[in-house]
1. How many residues, within segment 167-224, are small (Gly, Ala, Ser) and out of contact with any helix residue (DSSP H, G or I) (no Cβ under 6 Å at 6 or more places or on another chain)?
2. Report the residue count in segment 91-125 for those that are buried (at least 19 other Cβ atoms within 10 Å of the Cβ) and modelled with pLDDT under 90.
3. Condition test on residue 92, is it touching a Pro at 6+ places or on another chain (Cβ under 9 Å), closer than 30 Å to residue 185 by Cα and outside any loop (DSSP other than H, G, I, E, B)?
4. For segment 155-207, enumerate the residues that are under 30 Å from residue 226 (Cα atoms) and either among the polar types (S, T, N, Q) or under 21 Å from the mean Cα position of the chain (by Cα) (or both).
5. Out of all the residues in segment 11-44, which are farther than 29 Å from residue 348 by Cα, outside any loop (DSSP other than H, G, I, E, B) and out of contact with any helix residue (DSSP H, G or I) (no Cβ under 9 Å at 6 or more places or on another chain)?
6. What number goes with the only condition from (1) in contact with a Pro (Cβ under 9 Å, 6 or more places away or on another chain); (2) outside any loop (DSSP other than H, G, I, E, B); (3) touching a residue at least 60 places away in the same chain (Cβ under 8 Å) that residue 148 does not pass?
7. Has segment 142-161 got at least one residue that is of a type in the set (Val, Ile, Thr), assigned by TED's automatic domain parsing to the domain that holds residue 326 and at pLDDT 85 or above?
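The values are calculated or read from the model by the stated rules, or taken from the named source; none is laboratory data. Just so we're clear, the structure is a prediction, and the values are computed from it rather than from any experiment. Here the Cβ positions follow ideal geometry from the backbone for every residue, glycine too, while neighbour counts run over all protein chains shown.
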Amino acid sequence: MINELRKVLPLRLQISTLFLFFMWLFFQAYQPWQPIDQDLLYGTGTFSNATDLSGWRRESGRVGWTDDTGYVELKPRARLRFSLPAFAGDLLLCSGRMKTQDLARGKKAWDAARIMVYFEDENGHIRWSHPHNVGYLSGNNDWQQVSALIEVPSFARKGWVELAHYGIDGIAHFDDISIQPAIWKETYTHWQMFFGMVWAAIMMWLLLNTHYWTLPWGRPLLISAIMIIVFVTLPPATMFQVASSGAKLSQKVLHTAEDVFPGSTPAQSTAKQSTAEVEQTKSIAQPASKTAKSAIQQKPTKQTQPETPAVAPVKSLDVQKMGHGLLFAVLGFFAFMALYRKVDTTQLVYTLVLFAASTEVLQLVIDGRLFGVTDLFLDIVGIAVGAAIASAFCHVRSCE
């Protein structure tokens with residue numbers, strides 16, 4: 001199959017594919033950051049004795065600890081968190097160990113045992129659109145090490161590290177939680193420049209070999225590709241602002257539609273994130289002695305029922321995801337309109353998918369951006385939708 005694919009694909013596409021794969025593989029092995037300071041949890045995340053529990057706050061559910069085990073145990077819907085200082089632009093190297101027993105997750109993959117680092121803005125609201133997952137597990141798993149590098153966003157006024165069991169059954173164990181300030185390695189800048197320049201050179205080489213701009217739909221195709229590249233290379237803070245503006249605009253449009261056509265939009269509850277709504281409870285009580293087993297069980301604080309607005313909220317993350325699909329749908333439409341019956345369909349589809357993958361790989365050299373499998377899937381779906389619309393249009397209009 002690989003040999004047949006090599007015969008179909010031109011040499012330039014083969015070289016581009018190999019380069020992108022090498023670039024992705026390199027950044028999987030290369031760690032561009034290094035810790036520079038002491039643990040922000042001051043060693044309390046090891047849970048080796050009763051004193052270690054004093055800085056942690058139980059927010060809900062059943063949390064257990066004994067000095068015999070030296071790790072915390074969470075039952076379903078249990079949450080335990082620790083307050084962090086938040087200075088915009090700082091890098092936090094977050095790590096920990098997790099173990100699960102018969103843990104049944106909820107509707108989403110992340111409705112499981114989770115380690116998170118998230119931030120509140122000046123109004124005390126948590127913004128989940130900013131990367132916050134350190135790791136999550138479900139099912140039966142022995143101890144596993146998880147880690148992530150999280151940048152403190154510009155809106156942050158307060159930070160939290162949270163251990164949570166969002167599953168519907170089973171037990172989650174946590175140990176050796178650590179949050180350390182980190183910096184980018186000096187060599188990382190050189191690798192960024194090298195891979196970024198080679199990526200740009202290969203894209204230019206592919207462009208000059210195809211002369212897209214000379215085709216009837218070539219210029220819109222070129223403009224849409226440039227817009228995508230600009231979109232994926234925006235810094236995270238700028239991207240967040242763009243997505244937030246889009247969410248606000250969409251919300252205004254929905255409110256206007258509701259005013260003009262009452263009952264046209266679905267009513268949904270806009271309950272604030274549980275981590276922002278739950279009142280802070282007492283810190284975990286210390287065991288009477290270091291040798292006696294103890295279990296911490298408290299009733300969760302009652303929450304007030306939020307009002308149900310007429311219009312469902314539009315989230316920044318939703319706008320960002322929809323933007324992925326929309327831009328690539330436009331790209332797929334213009335590509336098929338420009339190259340319909342002019343090039344081999346297999347090559348055209350492969351080139352578009354390769355371009356989508358290349359934009360995700362490119363984000364590995366952008367500070368704060370990550371390769372996203374979900375984003376790549378949305379890109380491919382967008383291309384398919386755009387191509388389907390273009391094919392239907394050409395079928396009706398008999399495009400040549």
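1. In the first step, residues of segment 167-224 are kept if they are small (Gly, Ala, Ser); the result is 167, 170, 172, 178, 182, 196, 200-201, 218, 224.
Next, only the ones that are out of contact with any helix residue (DSSP H, G or I) (no Cβ under 6 Å at 6 or more places or on another chain) stay: 167, 170, 172, 182, 200-201.
Final tally of qualifying residues: 6.
2. Residues that pass the stated criteria total 2.
3. It is true that residue 92 is touching a Pro at 6+ places or on another chain (Cβ under 9 Å), closer than 30 Å to residue 185 by Cα and outside any loop (DSSP other than H, G, I, E, B).
4. 155, 184, 187, 189, 192
5. 29, 34, 35
6. Of the numbered conditions (1) in contact with a Pro (Cβ under 9 Å, 6 or more places away or on another chain); (2) outside any loop (DSSP other than H, G, I, E, B); (3) touching a residue at least 60 places away in the same chain (Cβ under 8 Å), the odd one out for residue 148 is (3).
7. No, that holds for no residue.
Per-residue answers, yes or no, for (1) more than 21 Å from residue 393 (Cβ to Cβ); (2) at pLDDT below 75; (3) of a type outside the set (S, T, N, Q); (4) not assigned by TED's automatic domain parsing to the domain that holds residue 199:
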{"residue": "317", "(1), (2), (3), (4)": "yes, yes, yes, no"}
{"residue": "320", "(1), (2), (3), (4)": "yes, yes, no, no"}
{"residue": "327", "(1), (2), (3), (4)": "no, no, yes, no"}
{"residue": "333", "(1), (2), (3), (4)": "no, no, yes, no"}
{"residue": "344", "(1), (2), (3), (4)": "no, no, yes, no"}
{"residue": "350", "(1), (2), (3), (4)": "yes, no, yes, no"}
